[in-house]
1. Restricting to segment 111-133, what's the tally of residues that are of a type in the set (Phe, Trp, Tyr) and assigned to a loop (DSSP other than H, G, I, E, B)?
2. Taking segment 327-343, which residues are assigned to a helix (DSSP H, G or I) and either of a type in the set (A, V, I, L, M, F, W, C) or open to solvent by 40 Å² or more (accessible area, probe 1.4 Å) (or both)?
3. Keeping to segment 61-78, report how many residues are open to solvent by 10 Å² or more (accessible area, probe 1.4 Å), not in a strand (DSSP E or B) and not basic (Lys, Arg).
4. Specify which of the listed residues (38, 100) is outside any loop (DSSP other than H, G, I, E, B), at negative phi and touching a residue at least 12 places away in the same chain (Cβ under 8 Å).
5. Exactly one condition in (1) within 26 Å of residue 344 (Cα to Cα); (2) of a type outside the set (Gly, Ala, Ser); (3) open to solvent by 40 Å² or more (accessible area, probe 1.4 Å); (4) assigned to a loop (DSSP other than H, G, I, E, B) is false for residue 508; which is it?
6. Just one of 467, 408, 404, 458 is farther than 28 Å from residue 292 by Cα and either surrounded by 20 or more Cβ atoms within 10 Å (Cβ to Cβ) or of a type in the set (Phe, Trp, Tyr) (or both); which is it?
7. Provide a single number: the residues in segment 15-35 that are out of contact with any Pro (no Cβ under 8 Å at 6 or more places or on another chain), crowded, with 16+ Cβ neighbours inside 10 Å and part of a loop (DSSP other than H, G, I, E, B).
8. Would you mind finding the one in 530, 541 that is part of a strand (DSSP E or B), of a type outside the set (Phe, Trp, Tyr) and closer than 28 Å to residue 368 by Cβ?
Amino acid sequence: MVFSVDSADAQTEISFEVSFSEPQAHYADVKMNISGIKTDSIDIKMPVWAPGSYLVREFSKNVEQFSVSAGQQTVPFRKVNKNTWRISTASSKKIEVSYKVYAFEVSVRTSFVDDSHAFLSPTGTFMYVEGLLQRPATVVIRPYEGWKKVSTGLELVKGKPFTYYASDFDVLFDSPIEVGNQDIFEFTAAGVKHEVAMYGGGNYDKAKLSADMTKIIEAETAIFKHMPNKRYVFIVHNFQSGGGGLEHLNSTVLGASRDAYATDKGYKDFMSLVAHEYFHLWNVKRLRPQALGPFDYSNENYTTDLWISEGFTAYYDNLMLRRTQLYTPENYLNVLCADIETVTNQPGAGVQPVAESSFDAWIKYYRPNENSKNTGISYYNKGAVLGMVLDLEIINATKGAKGLDDVLKAMYDEYYLKQKRGFSSEEFKAMAEKIGGISLDNFYRDYVHKALPINFNLHLDHAGLALIDDNAGSVKPSLGLVAAIKEGRLTVSSVVRGGTAWNDGISVNDEIIAVNGNRIVDAVALDKLISSKQVGEKVTILLSRDGLVRTLAVALKKENKAKFRIEASKDASAQQFAVRKKWLNL
């Protein structure tokens, strides 16, 4: 009989102990104690993915030396599928499950252990009893010799050092843990204590970070007018070259470059990452699509609305830097132009609708290949510019009285605070229409469910702004490919849909040897030679494919890459200026 919710004793207790006997070899030692068992067998499972990162990562691949005991007795078990162990408990009502986790993948979503620190990504560290995700758990951390600190969003058990409490496994799985000698500083923002745990050193200024992070936190809190936490933790991993972030219930994990804080771009990029992950405190962790909670930790959790949960968050991250004066209006519009270029210049934006991009995140976004940019678009990038479009439409329709802020707050109040559930796509659309007093049928039809090009100037004109393509009159020829030196050879890594290489048969992994009889030694030489030609001119490419030399005659097509800037109209109407003022916080 498998342990289930119906047969579970309400007094079942689950606790963990994590230690590090071999950190230099990248291992964490985990003990899971389960008591109060009243069934003949239970299933223990390891999650296969980490919420916020939509890819099945098969965390059980890192588990080894799995064993079960009851006192001095060995308890029989068998593995029944990739992430499930079935334990015979007919004569054992209290057991200890022991296993080791290999942790040597540097990212914000995977565990990493070495002799300097341990980062525990909980879904890749802790197992659960099937049917008992709602049970509380305690976690005791046994730091390695010389390690003195633990940083986590979990609640510390009073009077018990390094002992933490999770009210259920959703909380446990949403609470990463940093163990070591991280540099910790604290500040209060929006009435809440915030801890920043810095691992890896860096040229950061604690006072400056505290001040600017406070501005961002309070600006975001002002949108929702509700702070769901009593405490928040930033775990920051500073590497030679780092980046990325992952949101959690009352914490986040950020990757950063340790020497970038002193540069203006590096600092602003980090603050944008802070703004992005903190905005998730509301958008996705609480205001969420129906599919994203309660989670199924053994399978994909599909939604077509990641363009809202991730894309709108990507829109707000840079907008928050504008609202807190970290960006000037000109800075912000330049960053926005880069976002628009990313979408406009990607052929896949005209192939894959953003709703489909959201749904297919599990098989496409985290598994890009050489053709990904031709066939798809990121729900981050497309969602961000759609956030801008929707914001402008609502601000204009309400004459500056309302904006996307009001939609998100209304959705948060209704579905998180009041109904305590996720929203459907239809419910989000209906709320946006209600707040804006407009129909979004065309917006959803053309921009969400189809892959039609966005008419940016139609929407920017509401604010008396115009998007100008400085490359519009360019007649620069292009091969429509990306090539770089690989093992001493100039090798094609990607081709652009509809470009010269795509149309005339140059393929990924081809080695470019010569053009019109001229030896090509690197990508710079290739670009220089092609740039000297004319659009429509035919050139002869000598290449090697799978060890066989061949010649291709290709007709050069025009490079089709936009380079945008945004200009303000000199004769904007009063309403256009009011929209601009509201949008850009002038």
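1. 1
2. The answer is 330, 331, 333, 334, 335, 336, 337, 338, 339, 340, 342, 343.
3. Summing the residues that are open to solvent by 10 Å² or more (accessible area, probe 1.4 Å), not in a strand (DSSP E or B) and not basic (Lys, Arg) in segment 61-78 gives 4.
4. Only one candidate qualifies: 100.
5. Of (1) within 26 Å of residue 344 (Cα to Cα); (2) of a type outside the set (Gly, Ala, Ser); (3) open to solvent by 40 Å² or more (accessible area, probe 1.4 Å); (4) assigned to a loop (DSSP other than H, G, I, E, B), only one is false for residue 508: (3).
6. Numbers: 408 fails: farther than 28 Å from residue 292 by Cα; 404 fails: farther than 28 Å from residue 292 by Cα; 458 fails: either surrounded by 20 or more Cβ atoms within 10 Å (Cβ to Cβ) or of a type in the set (Phe, Trp, Tyr) (or both).
467 is the lone residue from the list that is farther than 28 Å from residue 292 by Cα and either surrounded by 20 or more Cβ atoms within 10 Å (Cβ to Cβ) or of a type in the set (Phe, Trp, Tyr) (or both).
7. Adding up the residues that qualify gives 1.
8. Among 530, 541, only 541 is part of a strand (DSSP E or B), of a type outside the set (Phe, Trp, Tyr) and closer than 28 Å to residue 368 by Cβ.
The values are calculated or read from the model by the stated rules, or taken from the named source; none is laboratory data. All values derive from a computational prediction rather than experimental measurement. Reconstructed Cβ throughout: ideal geometry from the backbone, glycine too, with neighbour counts over all protein chains shown. Keep in mind that these areas ignore ligands, DNA and RNA; they rest on the heavy atoms of the full protein, side chains included. Shrake-Rupley method; radii C 1.70, N 1.55, O 1.52, S 1.80 Å.
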